[in-house]
Every structure is written in structure tokens, then in C-alpha cells.
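Only one structure is covered here, and it is reproduced in the block below.
Please treat every number below as a calculation from the coordinates, not as lab data. What you see is a predicted model; the values in this text were computed from it and never measured. Cβ placement follows ideal geometry from the backbone for every residue including glycine, while neighbour counts extend to all protein chains displayed.
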Amino acid sequence: MRQELPVIDPIAAEGRADDERSGTLALVRLSAELTTKSRGTRRRFTRRLVENIRDAFRAQGLKAEVESQWTRILVEVGSSVDVDVLARIPGVSSYSVVEGRCSAKLDEIVELGTALFRDRVRGHSYAVRAKRAGDHAFSSFDVQKELGAALNPGARVDLANPEVAVDVEVRDL
């Protein structure tokens, strides 16, 4: 089980802003064993995983808000230190702490990504990796190209072995 680097999580849901979330948000990826199951079995196993996540946080005396989606589970906890509980839960492939959220508009993604990662990539090699779920007016490649171009001054692109990875997930919530 590995912890991934922080991600930017642009969202397409109306009326859901950064300030509505008071804690730390983690994006949980399901293990391969869950993703290969039939639709009904996967739904049942995912519900069990959500309960296991809630139980694990409760056992540590921590409060966690857990929201299940088809390919990801969102977990909101009090602090980034609390997120480490996820590393001990079977069925969790990996997780990332979400560093920023914005609407699913390419210009806003580039603006937020530049603000979050400009200083981290300066003087280093980097790669922008984007994934999308849902309908958007742009492709994952557009996100990679535009954000990469915005981050390029003072840094160099290395897609094979970057020192800094900028991971972006665009999701319809």
C-alpha cells in the first residue's frame, strides 16, 4: 500500500466550495480485487470497505466523513496526520491528500495548480499527470499540457523520472 503525492481535485458539483470542508480530504483508491468484481459484488464490497474505514477511524477516536463513489472513496478527517489510518485498511490500494479544490474549468485548474506547485517545481524536474471522470470540455492531455506550460518557467519537464509529480484528478461529484 502506498501513499501517493498530493493531488488537486477539481470538482464539477455546483455550490460545493473549499470552505465547506474544514478538515483534510483524502482520495482513496480501491484495491484491484474490488475493481474486478461484478457490479453487485463490487457495490457490496465497497459498502463494507466504507464501513471498515469508518470503524478504523472510530477505533482511533477520530471522526471521519466517508463518501463512496464508483472508483474512489473520499474521506474527510481532522488533520493530515489522521489520514495515515488508511494505510492499515485492507481493500485500500493507495490514497492521496487533496491539496486544492476548484471547479472543473481548465483555466481554474491551471490557476490553482500553478499556485500550489510553482515553488515546488522551480529548479526541479516535474511531470503533470491528469485523470478525468465525467464529461468535460477538455481532455486529460489538455490539463497536462496547459498546467505543464504554466509551471515550466524555472523548471524542466521529465515525464519518465520527475523529481516532483503533479497529480490532478477531475471528477464529477
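Things to note:
- Here's the picture: a label point sits 7 Å out from the Cα of residue 158 along the beta-carbon direction, and within the stretch 110-129 the residues with their amide nitrogen under 15 Å of it are 121-128.
- Remark: the chain projects, on average over all directions, an area of 10.4 nm² (convex hull of Cα atoms).
- The angle separating the long axis of helix 106-121 from the principal Cα axis of greatest extent in the chain is about 80 degrees.
- Once the chain from residue 94 to residue 39 is taken as fully extended at 0.36 nm per residue, the excess over their C-alpha distance is 17.7 nm.
- The chain - percent relative contact order, Cα under 8 Å, separation 6 or more: 33
- Principal-axis tilt of helix 140-151 within the chain, Cα atoms, nearest 10 degrees: 50
- By other beta-carbon atoms within 10 Å, ranking 124, 136 with the fewest at the front produces 124, 136.
- Computed over the stretch 32-132: relative contact order in percent, which uses C-alpha pairs under 8 Å that are six or more apart: 16
- Dipole-positive endmost among 147, 83, 53 within the chain (Cβ charges, Cα centre): 53
- Straight-line cross-link partners of residue 105 among the lysines, defined as a Cα under 22 Å from its Cα and at least 8 positions apart when in the same chain: 131, 145.
- Segment residue 84..residue 120, full-extension length gain: 10.7 nm, with 0.36 nm per residue of separation and the alpha-carbon distance subtracted.
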